[in-house]
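Peer 1: Below is the structure I would like to discuss, written out as C-alpha cells.
The values are calculated or read from the model by the stated rules, or taken from the named source; none is laboratory data. Nothing here was measured: the structure is a model prediction, and the numbers come from that model. Cβ: placed from backbone, ideal geometry, glycine included. Neighbour counts: every protein chain shown.
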Amino acid sequence: MRSCLRRLRTLSRDESNPVYDIIYQFKLLLNNRESNQQSSAVYARIILSKLRSIFGSKAVGEAFTYFCLHGASTAWVIQCRLEMTEPTAYRAMKQLRSLGVIEPALKVSKIKHSKGGPRPIVWVIQGGSPEDVADALRLHYQMLSPKYRIAENVAQTILDEFHDKGRPREISYREIIVYVKELEIPFMAPDIATMTAQYLHEKGIKVWR
C-alpha cells in the first residue's frame with residue numbers, strides 16, 4: 001500500500017492542464033473556510049450552486065471572467081471588450097449582481113452633448129480595489145471614442161504578430177502609420193497611429209520615433 005502511495009505522489013503534473021489549477025483553488029477555498037468536514041461539504045455545495053448559475057450562460061461566464069481579471073467594468077466596456085450586444089451584456093451583469101458577485105461602485109458623469117437616459121455605472125467585483133474602479137472609469141471614457149477602439153484593434157494586431165513571429169518587442173512609428181493606412185479608415189492616420197503607439201507603450205513595446 002505504501003509503495004502505491006509513493007508512486008502516486010511521483011506522478012508528473014501537466015502544468016498546461018487547467019483542471020489541476022481548478023482542483024487546487026477549490027481545495028484552498030474549502031481548507032481556508034472550515035476545518036469541519038460537514039461544514040466544508042455544505043460550503044462546497046453552495047460554491048457549486050453559484051458556479052452553475054454563473055457558467056450556465058456563456059455570456060455570464062465571460063463577464064464573470066472579465067471581472068475576475070480586471071476587478072471592475074461598465075456595461076459599455078463589457079460590450080466592447082467581449083463583443084456582446086447591449087441586451088446580452090446587461091443581462092449578464094444583472095445576473096452577476098443578483099448572485100452577489102458585483103456591486104455598484106459609482107455613476108459615470110455624463111459627457112457633453114450625450115444623449116439622455118440613465119448614467120452608466122462602474123461595477124466592481126467583491127474584493128475589488130479603488131484602483132480597479134479608477135481604471136474601469138478611464139477605460140470607459142476611452143472606449144466611447146471610435147478612434148480609440150480602432151487604435152486598440154490595430155495595436156492588438158501588432159501584438160499578435162509579435163507573438164506569432166517572435167519579433168523583438170519594438171516598432172517604429174512609421175511602421176504603425178503603414179498599418180493604419182492599410183485599413184483605409186475614415187480618420188486621420190496620425191491620430192490613430194498616436195493612440196496606437198501609446199497603447200503599445202503601455203503594453204511594454206518600445207516605439208521608435
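Peer 1: Within the set of pairs 6 or more residues apart or between chains, which connect a residue that is small (G, A, S) inside segment 105-128 to a residue that is at pLDDT 90 or above and assigned to a strand (DSSP E or B) with Cβ atoms less than 7 Å apart?
Peer 2: Pairs that qualify, where the first residue is small (G, A, S) and the partner is at pLDDT 90 or above and assigned to a strand (DSSP E or B), are A105/A72; A105/V122; A105/W123; A105/V124; G128/A72.
Peer 1: Residues being within 25 Å of the chain's Cα centre (by Cα) and at pLDDT below 80: count how many of those fall in segment 22-60.
Peer 2: 8
Peer 1: Quick check on this structure: which one of M143, M93 is more than 25 Å from T194 (Cα to Cα) and crowded, with 16+ Cβ neighbours inside 10 Å?
Peer 2: Details: M143 fails: more than 25 Å from T194 (Cα to Cα).
Testing whether each residue is more than 25 Å from T194 (Cα to Cα) and crowded, with 16+ Cβ neighbours inside 10 Å leaves just M93.
Peer 1: Counting only residues that are modelled with pLDDT under 85 and farther than 13 Å from V154 by Cβ, how many does segment 171-189 have?
Peer 2: Total satisfying the criteria: 2.
Peer 1: When only residues in segment 155-189 that are of a type in the set (G, A, S) and within 19 Å of S145 (Cα to Cα) count, which is surrounded by the most Cβ atoms within 10 Å (Cβ to Cβ)?
Peer 2: The qualifying residue surrounded by the most Cβ atoms within 10 Å (Cβ to Cβ) is A155.
Every residue, every condition in (1) under 30 Å from M93 (Cβ atoms); (2) of a type in the set (G, A, S); (3) in contact with a Gly (Cβ under 6 Å, 6 or more places away or on another chain); (4) free of Cβ contacts under 8 Å to residues at least 40 places away in the same chain, yes or no:
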site: V133; (1), (2), (3), (4): yes, no, no, no
site: S145; (1), (2), (3), (4): yes, yes, no, yes
site: Y173; (1), (2), (3), (4): no, no, no, yes
site: K206; (1), (2), (3), (4): no, no, no, yes
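Peer 1: Of the residues that sit in segment 190-209 and are β-branched (V, I, T) and surrounded by fewer than 21 Cβ atoms within 10 Å (Cβ to Cβ), which one is nearest to E152 (Cα to Cα)? Steps first, please.
Peer 2: Within segment 190-209, the first condition is being β-branched (V, I, T), and the residues that meet it are 192, 194, 196, 205, 207.
Remaining after also requiring surrounded by fewer than 21 Cβ atoms within 10 Å (Cβ to Cβ): 194, 205, 207.
Values: T194: 11, I205: 14, V207: 15 Å.
The extreme case among them is T194.
Peer 1: Within segment 119-155, which residues are outside any helix (DSSP H, G or I) and within 17 Å of E83 (Cα to Cα)?
Peer 2: Listed by number, the residues that qualify are L144, S145.
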